[in-house]
Amino acid sequence: MAAEGTTIVITTHHISEADRCQEVAFQRAGRILRRGPPAEMLTHYRVSDLEHAFVNATQEAEAQDTRSAR
């Protein structure tokens, strides 16, 4: 389907399911924190699973928000 140009959007709270997707996006409170291929997320956050990558993305966003509020 992807080769034909079809896009399927899947939302899930089970982050392990997202590992099978070509691209994932981490969202919190209506804001996209980061998006990219699952392997890129793991490499960026230096973790072995997407759940830990999501936690790190959330912490990173909270730290940025705190710095911006000063």
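Residues that are among the hydrophobic types (A, V, I, L, M, F, W, C), within 9 Å of the chain's Cα centre (by Cα) and open to solvent by 70 Å² or more (accessible area, probe 1.4 Å): does region 1-13 have at least one?
no
Of all the residues that make up region 37-48, how many are surrounded by 15 or more Cβ atoms within 10 Å (Cβ to Cβ) and closer than 20 Å to Thr11 by Cβ?
Of the residues in region 37-48, 2 are surrounded by 15 or more Cβ atoms within 10 Å (Cβ to Cβ) and closer than 20 Å to Thr11 by Cβ.
Residues are listed down the side, and each one gets a yes or a no for (1) under 10 Å from the mean Cα position of the chain (by Cα); (2) of a type outside the set (A, V, I, L, M, F, W, C); (3) at negative phi:
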{"residue": "Glu23", "(1), (2), (3)": "yes, yes, yes"}
{"residue": "Phe26", "(1), (2), (3)": "yes, no, yes"}
{"residue": "Arg31", "(1), (2), (3)": "no, yes, yes"}
{"residue": "Gly36", "(1), (2), (3)": "yes, yes, no"}
{"residue": "Leu50", "(1), (2), (3)": "yes, no, yes"}
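Just name the residue that is nearest to Asp19 (Cα to Cα) out of those in region 32-70 that are of a type in the set (S, T, N, Q) and free of Cβ contacts under 8 Å to residues at least 24 places away in the same chain.
Filtering first and then ranking leaves Ser48.
If Ala57 satisfies every condition in (1) over 20 Å from Ile8 (Cα atoms); (2) at pLDDT below 95 but one, which is the exception?
Only one criterion is unmet by Ala57, namely (2).
The values are calculated or read from the model by the stated rules, or taken from the named source; none is laboratory data. Bear in mind the structure is a predicted one, so any value in this text is a computation, not a measurement. With ideal geometry, Cβ positions are generated from the backbone for all residues, glycine too; neighbour counts draw on all protein chains shown. Side chains included, ligands, DNA and RNA excluded: accessible areas come from the protein's heavy atoms. Shrake-Rupley method; radii C 1.70, N 1.55, O 1.52, S 1.80 Å.
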